[in-house]
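See below for the structure under consideration.
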Ligand SMILES: [Zn+2]
């Protein structure tokens with residue numbers, strides 16, 4: 001039986017607000033107590049064998065939630081060909097590799113928006129059973145039209161009856177939520193982000209079927225009309241939500257008001273992608289890369305406008321698509337804050353407590369008694385300067401220590417240094 005563990009920190013961001021000089025106690029993967037260090041008294045060493053003392057000026061936060069990943073995708077420019085040609089065994093190795101990479105940067109939960117359930121579900125279950133260290137995986141069953149966007153990782157269904165059956169089959173397999181594709185997208189040859197794939201009635205049927213089974217829905221929507229149909233279908237989250245028309249990224253005051261009023265979450269999926277290489281003098285961006293960079297700036301402005309209109313934003317970086325790795329997530333959170341002008345606290349909430357609310361998971365996303373011991377510590381204060389989110393000193397997933405760099409208690413370093421010659 002594992003004993004209770006205590007963490008002492010100068011600063012705690014609990015997912016909603018900040019408190020100074022705090023402690024967090026957890027046991028068996030669950031937080032049991034959170035409080036002020038001043039209330040602890042003198043006898044910490046008697047109660048806790050090895051307190052974890054975070055370095056001065058460190059910040060303890062909830063583990064990050066990445067709300068939009070594709071764990072089996074290659075993140076290469078050839079992502080579509082890779083997804084079609086790679087064996088399931090290779091994809092599963094990639095999933096495990098991405099799980100390690102996620103934990104290393106402090107991601108303790110991923111909502112996977114497009115990996116075949118026969119791969120995502122065993123990976124999810126392996127974490128739940130303790131076979132693999134986290135992150136916990138919230139796994140989707142995806143439904144698209146025949147030959148539609150992401151058909152290579154989704155069930156193809158066209159009519160109202162077919163989408164209902166596809167949703168039911170995914171629920172039968174044990175998926176956590178349903179991913180729908182209201183419009184075309186960019187990673188599937190022949191697909192067009194401006195084209196609506198499903199009628200309003202079909203989208204409503206799929207959403208209703210998911211709701212009946214107690215499952216939430218995430219809907220990929222770029223074209224404005226696809227966003228409108230997603231709102232009509234009362235989906236849980238709209239992915240991308242770029243409100244595109246033939247002139248590019250758009251805006252619709254009425255529609256955005258409806259999203260906010262209905263409490264639909266938006267995951268804008270802003271990520272640096274190829275723009276990460278723009279500072280490298282040896283990199284010559286092609287027209288496609290330039291177009292991506294231009295669109296990214298527009299998407300960041302749109303993200304800000306959505307927030308200003310009261311839309312609840314959640315963070316996810318579409319990890320797995322071209323030039324976007326799961327390890328890039330902290331940098332993409334920095335982009336979301338700095339590129340859109342949102343306060344770091346708002347972005348960090350969108351990546352923790354608000355994300356958990358969108359998942360309907362009251363057990364994660366905040367640091368409080370009764371919550372999962374999913375914890376991240378970084379050096380410095382990411383609420384002042386969000387770039388500090390990169391400076392990981394500790395990651396704990398469901399009570400398991402993944403990374404731990406502390407300044408104290410001082411431990412004697414092993415005598416392995418070779419004698420000077
Ligand atoms: Zn995606």
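FYI, it's all coordinate maths here, none of it is from the lab. Model, not experiment: these values are computed from the prediction. So basically every Cβ, Gly included, is an ideal-geometry build from the backbone, and we count neighbours across all protein chains shown.
Data overview
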| quantity | calculated |
| --- | --- |
| For the chain, calculated [θ]222 nm from helices alone, where every DSSP H run of n ≥ 4 adds -39500 (n - 2.57) | -9500 deg cm²/dmol |
| Rounded Å value of the spacing that divides the Cα centres of the range 342-390 and the range 202-244 | 26 Å |
| Rel. contact order, % - alpha carbon contacts under 8 angstrom, at least six apart, the range 262-351 | 39 percent |
| Amide N of the range 221-249 lying under 15 Å from the label point, which is placed 7 angstrom from the Cα of residue 294 along Cα→Cβ | 245-249 |
| Residue order, fewest to most beta carbons within 10 Å, for 299, 124 | 299, 124 |
| Antiparallel DSSP beta bridges within the chain, percent to nearest 5 | 45 percent |
| For the range 64-359: rounded, prolate or oblate by the Cα gyration tensor [a/c cutoff 1.5] | rounded |
| Choice from 254, 50, 298 showing the highest fluctuation, given a GNM over the chain with Cα pairs closer than 10 Å | 254 |
| Extended-chain gain in nm, criterion 0.36 nm per residue less alpha-carbon gap, residue 100 and residue 3 | 32.3 nm |
| Relative contact order computed over the chain (Cα-Cα under 8 Å; 6+ residues apart), in percent | 20 percent |
